[in-house]
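I have placed the structure first, in the form of structure tokens, so that the comments after it can refer back to it.
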Amino acid sequence: MSLLVVGLSHRSAPVSVLERAALHADAQMKLLQDTVAAEPAAEAAVLATCNRIELYADVDKFHAGVAELSTLLAQHSGVGLDELTPYLYVHYEDRAVHHLFSVACGLDSMVVGEGQILGQIKDSLARAQELHTAGRLLNDLFQQALRVGKRAHSETGIDRAGQSLVTFGLEQLASGTAVQDWALGKKALVIGAGSMSSLAAATLARVGAAEIVVANRTAERAERLAEILNDGADSDVVARAVPMESVPDELTRADVVVSCTGATGLVLTAEAVAAGRGLDARPGTDGVPSRFGSGAARLPADHGTDENCPLDLPPMPATAGFSVLGEAAVAGMAASELEQHAAWVDNAPRPQGSAAVVDPVQEADAIAALAATAAAIGRVPERRRPEPVAEIPRPTPSLFLLDLAMPRDIDPAVHRLGGVRLVDIESLAEASADAPMAADVDQVRRIVADEVAAFGAALRAAHITPTVVALRTMAADVVAGEIARLDGRLPGLDDKQRSEITQTVRRVVDKLLHAPTVRVKQLAAEPGGAGYADALRTLFDLDPETVAAVSRAEDSTTDEKDRGSS
């Protein structure tokens with residue numbers, strides 16, 4: 001059996017795909033059960049966070065395992081396999097171990113060095129243990145990953161390379177102001193009472209928020225979090241719990257909103273935020289430019305309303321070199337819809353007497369080419385960088401929104417509202433891409449490399465242990481058989497003589513087996529040493545079922561220990 005991981009993360013997939021593929025708790029449980037029920041897999045664990053979904057399994061066939069795990073991920077995420085496949089990555093054996101250890105140390109996180117991933121790995125292991133889908137391999141792997149992550153944080157300064165997403169998100173909201181100064185005295189609304197929301201609430205309390213309101217669908221969890229915040233010795237915050245139905249009312253009072261729930265749809269729409277703050281939710285209002293800037297010539301009024309556009313975009317500016325301004329405008333749109341947009345542009349009447357008007361045929365061809373590119377590479381590129389336009393100043397934000405959920409909780413359209421600042425997973429990814437890496441990262445990478453080598457050696461050595469045990473068991477049976485035969489031939493031996501003979505034979509056998517069994521364990525621990533177990537079984541004609549029985553007994557003992565410690 002061999003370790004295999006198939007997954008996608010912020011490094012391999014756009015946020016629009018990640019949020020569609022997000023797995024809620026019930027889907028994760030069903031995925032685990034279906035994985036171990038599949039033929040190639042004997043064990044399974046799911047690591048699902050706000051920016052990654054990974055399925056770990058112990059498989060007996062690589063290609064069949066990749067196909068099965070990819071299919072199961074697609075089925076349970078609801079994203080078609082053809083659409084999901086370009087964003088999936090696969091790691092096998094030592095590379096899979098290296099990947100998980102790197103994840104545990106925060107090297108693969110959106111914010112390098114963040115430590116929250118350790119809690120998420122622990123939760124993943126606990127879920128797999130509870131469902132009995134984690135056997136000896138995944139138990140050992142995940143427990144070792146937790147130890148490696150803790151070692152990295154205790155022995156290096158990796159914590160200086162980055163912070164938790166919560167802290168990083170608050171820093172982005174503060175826009176260069178010290179978080180303690182920015183948050184001081186603010187009223188916060190935290191939507192959700194899970195681990196991320198709880199961390200956000202505790203962080204806001206620590207940096208000086210005056211009031212924290214917790215809204216959650218389960219009232220008991222919200223009340224418990226509010227009680228913990230009120231009892232905290234390191235802050236003077238006043239916390240209270242409210243039902244989710246009270247969120248619109250609380251929006252009228254809040255300065256900061258942090259949302260991280262397991263909802264599959266939006267928790268806060270742009271309309272709800274606008275209504276709560278007395279703003280106009282229409283694009284281009286409240287002193288905020290529309291998606292296509294301002295002052296550009298637009299299509300005549302008789303061309304129709306925005307609803308006539310297949311992409312539900314505002315009418316296109318009649319300027320040369322039309323460019324879709326970034327992926328956000330057409331995120332998730334199919335190539336066929338972009339082609340429809342090309343036809344819409346082609347049939348549009350054009351203002352007369354303007355040298356900037358683009359030939360409609362050329363414009364339609366350009367958008368059709370964009371559609372073909374999007375279909376080929378799975379994302380929408382910009383045809384060219386947009387021309388710089390005079391930036392219309394936004395009102396100073398009076399409401400700050402931090403969306404840490406995947407899929408997202410807050411409608412991204414709220415960025416159009418004047419006086420509102422939104423930071424979400426997508427903008428955090430962009431901001432963290434340029435974050436400086438600490439020198440300690442190199443030291444953590446060395447720790448990971450050493451730990452991967454040690455884990456691989458231990459795994460390979462453990463692989464041969466059942467064969468060595470079976471060999472010694474066979475030798476003990478041979479000794480017992482020969483002593484019994486000797487008793488039949490020499491019935492006059494007294495107990496002392498029989499004991500001396502038995503001990504002598506056993507010492508001879510032990511000395512003969514000692515050197516080869518020790519050496520074979522050493523050789524098996526080296527890379528490429530998996531074949532030594534087969535050689536040992538062949539040389540001594542060991543019964544494969546006896547070896548398998550030893551393995552099952554060891555796995556049973558490991559399972560009992562894991563259940564006792566969980």
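The values are calculated or read from the model by the stated rules, or taken from the named source; none is laboratory data. Just so you know, these numbers come straight off a predicted model, no measurement behind them. When we count neighbours, we look across all protein chains shown, and the Cβ atoms used for this are built from the backbone with ideal geometry, even at glycine. All accessible areas refer to the heavy atoms of the entire protein, side chains included, with ligands and DNA or RNA removed. Shrake-Rupley method; radii C 1.70, N 1.55, O 1.52, S 1.80 Å.
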Mean separation of Cα contacts under 8 Å (at least 6 apart) over the residue count of region 46-130, i.e. the relative contact order in percent, is 26
Percent relative contact order for region 1-153, counting Cα pairs under 8 Å at least six residues apart, stands at 31
Heavy-atom accessible area per residue of region 1-146, all protein chains kept, 1.4 Å probe, expressed in Å², is 35
Quick tally, 1.4 Å probe accessible area for Asp440, Asp495, Asp140, sorted with the most first, runs Asp495, Asp140, Asp440
FRET efficiency for Arg489 and Lys122 from the Cβ-Cβ distance with R0 = 56 Å, rounded to 0.05, comes out at 0.35
In the neighbourhood of Val509 defined by beta carbon distances under 14 Å, the net charge of the other residues (Lys, Arg +1; Asp, Glu -1) is +1
Everything considered on the Cα gyration tensor (a ≥ b ≥ c; rounded for a/c under 1.5, else prolate if a/b is larger than b/c, else oblate), region 128-194 must be described as oblate
So, with points 7 Å from each Cα along the Cβ direction, the Lys511-Ala37 label distance in nm works out to 5.8
Quick calc, Glu227 & His132: beta-carbon distance into FRET formula, R0 45 Å, rounding 0.05, result 0.85
For the Ser12, Glu500 Cβ pair and Förster radius 51 Å, calculated FRET efficiency rounded to 0.05 is 0.15
Rounded to the nearest Å, the spacing of the alpha-carbon centers of region 64-119 and region 188-241 is 32
Per DSSP, the loop-located trypsin sites (Lys or Arg not before Pro) within region 184-280 having at most 13 other beta carbons within 10 Å are Arg253
Among trypsin sites (Lys or Arg not before Pro) in region 1-85, those in a DSSP loop whose Cβ has at most 14 other Cβ atoms within 10 Å are Arg11
Quick shape check on region 14-70: root eigenvalues a ≥ b ≥ c of the Cα gyration tensor, a/c under 1.5 is rounded, otherwise prolate if a/b tops b/c, else oblate, and it reads prolate
Taking 0.36 nm per residue of separation between Glu155 and Asp60 and subtracting their Cα-Cα distance, the length gained on full extension comes to 30.5 nm
In nm, the gap between the two label points placed 7 Å beyond Cα toward Cβ at Ala449 and Ser195 is 3.0
Judged on accessible area alone, 1.4 Å probe, highest first, Asp234, Asp409, Asp159 line up as Asp234, Asp159, Asp409
